[in-house]
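Notes follow once the structure below has been shown.
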Amino acid sequence: MLLRLKIVLILLLGFRMSSFAQELRCSVQVVSRSIQGTNKSVFENMQRTITEFLNNTSWTNEIYAQGERIECNILINLKEAISAYEFKGTIQVQARRPVYNSSYNTVTFNRMDQDFQIQYVEDQPLVYNPNNFKSNLVAVLAYYAYMIIAIDHDTFKQFGGTQYYQKAQNIVTRAQNAKEQGWKSFGNKKNRYWLLQRMLDEYHRPLRKCLYEYHIKGLDIMSDKAAEGRANILAALEGLRKVQQQEPGSAAMQLFFDAKSDELVNIFSGAFPIEKGKAANLLKEIDPSNIKKYEKLTSSQ
C-alpha cells in the first residue's frame, strides 16, 4: 500500500522511479469447451502467449516496481472455430487497484466484450506495433492494456489517464479497415470505439473526475474516516447526473457501474438512514440498470 501512495506523489511530479518497466500483472484464461476437433494444445499455447505478451510488453515510458503493477484478469471464451486458425467468442477484462491502508482491492475495470474474433497461429509471437494494424488479437489486447492503465491513472490523479486513452484511440483509428467488429462508429453504441470516445469526450469529464474523487477522497481514506469517505463518494456520484442525462447508459457509464455497483451497495449499507436513502435514490437515477441492487439499501429501513 505504501508503494501505491508513492505513486500519487510521484505522478504529481510527472515521473516514477523504480527498476521494472512492465505495467501489468495479468492472469489469462482461455476456455474452448465449445470447440471440437481442434488440438487443445493450441489453446494452451494461446493462453501462455497472451499472458507473456501482456505482462512482458512495456506499454508506457513509466517505471513500475513489481508491487505497483496493475492486477488484472482476462477470460477468453472461444465458442466457434471459423477455420483452423480463426476463432470467435468473447473476452472479459477486469482490473483492480489496492485501497490505501487496507487489504481491500477495488475493481476499476470490468467489461464483457462480445466482439471477439481472432486469428491465431500456434507458436507465432505476438508483437505490438503502434504504427500499423496486422493482428486483431494484438489490437484488442493492446487496446484493453491501455484502457486499464488509463483508468488506473485516472483513479490516482485527476484526468491522469488522458495520454493512455489517446494511445487506445490510435489503435481504434488504425483498426477502421479491419474486417472484425468492435472498432467502428456504426452499429453497437457500446463497442470499443464508443467506450473510448466517451472516456475522451468533454461531457464525460465528470465521470473521470468521479473516478479520482471516488478513490482518492473516498475509498483511500475510509480506513480512518469512514463517514467522510462515504460523503465524498456520494458527492462524486452527484456529478454523474449530468452525464446520465446527456446519454443514458453510455458505454463509459456502464463500465463504471459494472465495476462499482456491488461495491456501492456495500459502502452505503453502513451509512445512516438519511444518507443511505439519498444514495439509493441517486444511484437508481444514474444507474437504472441496477435498480434492484440499490433497493436493498432502503428495503431494511
Per-residue Cβ neighbour rank within 10 angstrom, fewest leading, M147, M46: M46, M147
Calculated FRET efficiency for the pair V31/T173, C-beta based, R₀ 30 Å, to 0.05: 0.45
Dipole magnitude of the stretch 207-299 about its Cα centre (Cβ charges: Lys, Arg +1; Asp, Glu -1), debye to nearest 20: 160
Label-to-label distance, nm, for residues given as Q245 and D224 (7 Å Cα→Cβ offset): 3.7
Contact order normalised by residue count of the stretch 19-147, Cα under 8 Å, 6+ apart, percent: 25
Entries in K190/K296; K260/K284; K242/K284; K157/K217; K157/K293 that, when Cα-Cα distance is taken, lie over 19 Å: K190/K296; K157/K293
FRET efficiency, 1/(1 + (r/R0)^6) with R0 22 Å, evaluated for S289 and E202 via beta carbons: 0.35
Kirkwood-Stokes translational diffusion coefficient of the chain, alpha-carbon pairs, 4 °C, 1.567 mPa s, µm²/s: 64
Per DSSP, loop trypsin sites (Lys or Arg not before Pro) in the stretch 173-234 with at most 15 further Cβ within 10 Å: K179, K189, K225
Percent antiparallel among DSSP beta bridges (both partners in the chain, rounded to 5): 75
Relative contact order for the stretch 234-301, counting Cα pairs under 8 Å that sit 6 or more residues apart, in percent: 35
³J(HN,Hα) computed for each position of the stretch 203-220 - Karplus, 6.51 cos²θ - 1.76 cosθ + 1.60, integer Hz, glycine/proline x: 7, 9, 4, x, 5, 5, 5, 4, 4, 5, 5, 4, 8, 6, 8, x, 4, 5
N281 paired with V121, simple spin-label distance in nm, labels 7 Å along Cα-to-beta-carbon: 6.2
Relative contact order [Cα under 8 Å, 6+ residues apart], the stretch 183-301, whole percent: 22
Mean-position separation - Cα centroids, the stretch 24-51 and the stretch 221-257, in angstrom: 36
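We did not get these values from a lab; they are worked out from the coordinates using the rules stated. Everything numeric here is computed off the predicted structure, so don't read it as measured data. Cβ: placed from backbone, ideal geometry, glycine included. Neighbour counts: every protein chain shown.
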